[in-house]
Structure formats: C-alpha cells, structure tokens
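Everything on this sheet refers to the single structure shown next.
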Amino acid sequence: MRHSKIVGLGHHVPENVITNEYLSTLMDTNNDWIVERTGIHERRWMDPATDTVANMAAKASRIALSRANLTENEIDFIVFATITPDYFFPGSGVLLQRALGLDGRIAALDIRNACSGFIYALSVADQFIKTGMYKTILVVGAEIQSTALDISTAGRNTAVIFGDGAGAVILQPSDKPGILSTHLHSDGNFAEELYVKDPGSSRPHAERQPEKILDTSTFKVVMNGSQVFKHAIVRFIEVINEALDANNLKKDDISLLVPHQANLRISQYIQQKLALSDNQVYNNIMRYGNTTAASIPIALSEAWAEGKIRENDLICLAAFGSGFTWASALIRW
Ligand code: UT7
C-alpha cells in the first residue's frame with residue numbers, strides 16, 4: 001500500500017516582534033497576567049509593507065522545498081489552511097501558487113478549519129497521496145490574525161494571544177508510513193464561542209454595507225476564552241488517545257507531541273494528564289503566541305531544526321479550535 005511521508009518542512013514569521021510591554025501601552029493588561037495565564041512573552045505581527053498570508057507562506061514553502069531538495073515545479077497540489085486569507089475570495093492557495101511562479105497545471109485548495117486547519121489539510125493531502133492522484137503536495141498553514149484583533153481593553157482576552165506566521169511541509173509517497181493516521185472531528189454547536197462574524201453573507205443586504213460593519217466592529221475576533229479552554233483540554237486528550245488506540249500504541253511511545261499552541265496552560269495540562277516528560281512535548285507559544293493554523297507547522301519546523309525530531313521517531317500532532325473542530329495525526333518520521 002502507498003503511504004505518505006513528510007520530506008521537507010519550513011516556516012517563516014514576520015520580523016515585527018510585539019512584546020507584552022508594548023501591548024500594555026495599548027490596553028489595560030500587563031506582562032505578569034499574560035505570562036501567567038497564557039505563557040506568551042512575545043508574538044510576531046505583520047508589517048503591512050512586507051507581509052501577506054500568501055508571501056509568508058511562499059517563504060515557508062521555499063524553505064521546505066529546499067530542505068526536501070525539490071524545486072517549485074515538482075509540486076502538483078497545494079493544500080492551504082488559513083482562516084485569514086488575503087482576500088475574502090479567492091482563497092490563499094491560488095495566491096501561493098502565483099507567488100511560487102507555478103503555472104495552471106496544478107490544483108490549489110483552501111481549508112478553513114481554524115486551529116485544526118493544518119491537521120485537516122495534512123489529512124486531505126495524505127488521502128490524495130494514498131490514491132496516487134498526486135505525488136508532491138505542499139501543505140501550508142499561514143495566518144495574519146493581528147489585523148482583526150481588537151487592540152483595546154475590550155479585546156484584551158484575544159489581542160494578547162494571537163500572532164502571525166506561516167509553516168509548510170511537503171508530502172510525498174512512501175512504501176511505509178509516514179503518516180500513520182489522522183483523526184478529525186467537529187461540533188458546530190459551539191461555532192459562536194470563537195468566531196469572526198463579518199464579512200458574513202447571511203446578513204440582509206442593507207446591513208452588509210461596509211460602513212455598517214465597521215460601525216459594529218463585528219469583523220473582530222470574539223472568543224469565550226474559558227468555554228474554549230474547558231472544551232480544549234477534554235478534546236485534546238480524547239483525540240490523542242484515539243490516535244494511539246487506532247495504531248495500537250501507548251503514550252510512552254510518543255517521541256514528541258506537537259500540540260497546537262493555544263495556551264501554554266493547555267499544553268501543560270495535556271502533558272500532565274498523559275504523564276509525558278518535558279522532552280516529549282514541544283512548545284514555542286512563548287515566542288509566537290497562538291498562530292492558529294500556522295502554529296503546528298511552525299512548531300514542527302522549529303522542533304526539526306533544533307534536532308528534536310529524528311528518523312523513526314513517533315510524532316503526534318493535535319489541535320483544537322474554532323468550530324469547534326479538533327484533530328490529531330500520528331507520524332512515523
Ligand atoms: O486557538 C484555539 C482556541 N483558543 C484557545 O484555546 C484559548 C483558550 N482560552 C484561553 O486561553 C484563556 O481563557 C484566556 C487566556 C483567553 C483567558 O484566560 P482565563 O484565565 O480564562 O481568564 P478569564 O477570561 O476567565 O478572565 C479572568 C480575568 C477577567 O477579569 P475579572 O472579570 O476577573 O475581573 C478578565 O477581564 O482576567 C481579565 N483579563 C485580563 N486581564 C489582563 C482577560 N484578559 C486580560 C488581559 N490582561 N489580557
């Protein structure tokens with residue numbers, strides 16, 4: 001049977017470092033609260049002069065390609081996870097295809113599953129490799145959250161958390177896995193617990209005019225933080241155990257868990273519940289905040305570059321976020 005394998009990975013984050021001290025000048029918050037409640041020390045926010053979702057993704061993709069010893073022209077499919085595309089439409093996949101200078105031969109697909117988006121994208125790409133339809137798939141997670149944040153005291157529970165960035169992996173066929181499994185879930189009953197309402201299409205025409213939308217500020221991120229937190233800690237554990245059970249593996253077999261970087265306290269809770277050692281869990285939320293669909297590929301790329309992922313390691317990815325959606329992937333490196 002044909003399997004898929006990650007053959008290259010890379011990431012790119014904006015130069016612009018936003019410290020907790022800087023945020024304290026914009027809203028009623030402080031470094032101690034942010035570090036204690038989230039673990040975040042700084043995050044990167046886009047510079048409008050240089051950064052778009054598509055061009056950050058292109059930078060991450062080129063690093064992944066060069067680490068895989070491949071060129072742009074070998075890509076035959078792009079799967080792009082983002083909830084913050086450069087345009088309302090078209091999606092970011094086609095903009096990345098253009099930025100990489102690829103012609104009309106290849107397909108580009110956008111995935112809008114928020115913090116779980118990268119694992120959903122990886123799962124989609126894995127299926128296309130297994131069927132034999134594509135041979136070299138670029139899977140990307142990239143986000144610019146900073147421009148939709150309410151950077152006043154009213155929005156402080158989200159403004160201090162989110163950051164911008166991009167991560168990319170290349171998947172190719174392999175005789176043995178590779179990706180052992182992916183497990184995907186959703187529960188739309190909680191859609192409004194973490195969402196951006198506009199520019200939604202369900203409003204009457206008169207209400208959907210730009211000046212009305214700006215008046216009501218409904219284009220900003222709204223999050224019921226404690227509700228999201230409570231569901232996250234349950235679903236993360238469930239979906240990791242689901243992956244282990246499906247593969248007849250135990251939590252001790254995990255070489256490295258790379259969880260979506262939502263909140264350091266969530267990662268620490270998972271670590272404690274699964275009795276994993278510090279060496280078995282990778283976190284970089286301290287430096288980048290929560291970068292939604294980009295968080296897992298950025299963390300995976302950093303962990304790999306730091307030598308924390310070696311051949312034959314068992315890597316577990318897990319995510320939870322808006323939707324609610326949650327997902328896991330087990331990978332034999
Ligand atoms: O990416 C996937 C989805 N996202 C997540 O998984 C995030 C999940 N949730 C969280 O990470 C946490 O709920 C937050 C970090 C967002 C909030 O932490 P919390 O411990 O749940 O705080 P809280 O919302 O219960 O608020 C506690 C207090 C409140 O004040 P009062 O009502 O007790 O006086 C907030 O107004 O902290 C206040 N607060 C802040 N204070 C200083 C909220 N945000 C801030 C802030 N600075 N930035």
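Read-outs throughout are calculated quantities, based only on the coordinates presented, and are distinct from any laboratory measurement. In this text the structure is predicted, and so the values were computed from the model without any measurement. Note that we place each Cβ from the backbone using ideal geometry, even for glycine, and neighbour counts take in every protein chain shown.
Using mean Cβ contacts within 10 Å as the protection proxy, how do 229-235, 191-197 order, highest first? Could you put the intermediate results ahead of the total?
Working: 229-235: 17.6, 191-197: 16.0.
Per-residue mean Cβ counts within 10 Å order the peptides as 229-235, 191-197.
Suppose R0 equals 45 Å. What FRET efficiency, 1/(1 + (r/R0)^6) with r the Cβ-Cβ distance, do LEU26 and ARG2 give to the nearest 0.05? Let's see the in-between values first.
Details: r = 51 Å, r/R0 = 1.14.
Once the sixth-power term is evaluated, E becomes 0.30.
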Among ALA166, ALA305, ALA49, the residue with the largest mean-square fluctuation in a Gaussian network model of the chain built from Cα contacts under 10 Å is ALA49
Over all Cα pairs of the chain, the Kirkwood radius sets Rh, and Rg/Rh then becomes 0.95
Over all directions, segment 3-176 yields a Cα convex hull whose mean projected area in nm² is 10.8
Rg from C-alpha atoms of segment 239-333, normalised by the globular rule of thumb 2.2 N^0.38 Å, equals 0.99
Between SER226 and ASN248, the two model label points (7 Å from Cα along the beta-carbon direction) sit apart by a distance in nm of 4.5
Restricting to Cα pairs under 8 Å and 6 or more apart, the percent relative contact order of the chain works out to 26
Along segment 196-204, Karplus-curve 3J(HN,Hα) (6.51, -1.76, 1.60; θ = phi - 60°) to the nearest Hz, with x for Gly and Pro, reads 10, 6, 10, x, x, 8, 8, 6, x
Going residue by residue through segment 65-70, the Karplus relation 6.51 cos²θ - 1.76 cosθ + 1.60 with θ = phi - 60° gives ³J(HN,Hα) values, rounded to whole Hz and with x marking Gly or Pro, of 4, 5, 5, 8, 6, 10
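Taking 18 Å as the cut-off for C-alpha to C-alpha distance, list the pairs among LYS5/LYS176; LYS250/LYS273; LYS230/LYS273; LYS273/LYS308; LYS5/LYS135 that go past it.
Values: LYS5/LYS176 8 Å; LYS250/LYS273 14 Å; LYS230/LYS273 14 Å; LYS273/LYS308 22 Å; LYS5/LYS135 11 Å.
Violating the 18 Å Cα-Cα cut-off are LYS273/LYS308.
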Once the dipole of the chain is set up from charges on Cβ (+1 Lys and Arg, -1 Asp and Glu), the residue from the list ILE83, MET56, ALA329 lying farthest towards its positive end is ALA329
Between ASP76 and ARG265, the two model label points (7 Å from Cα along the beta-carbon direction) sit apart by a distance in nm of 4.8
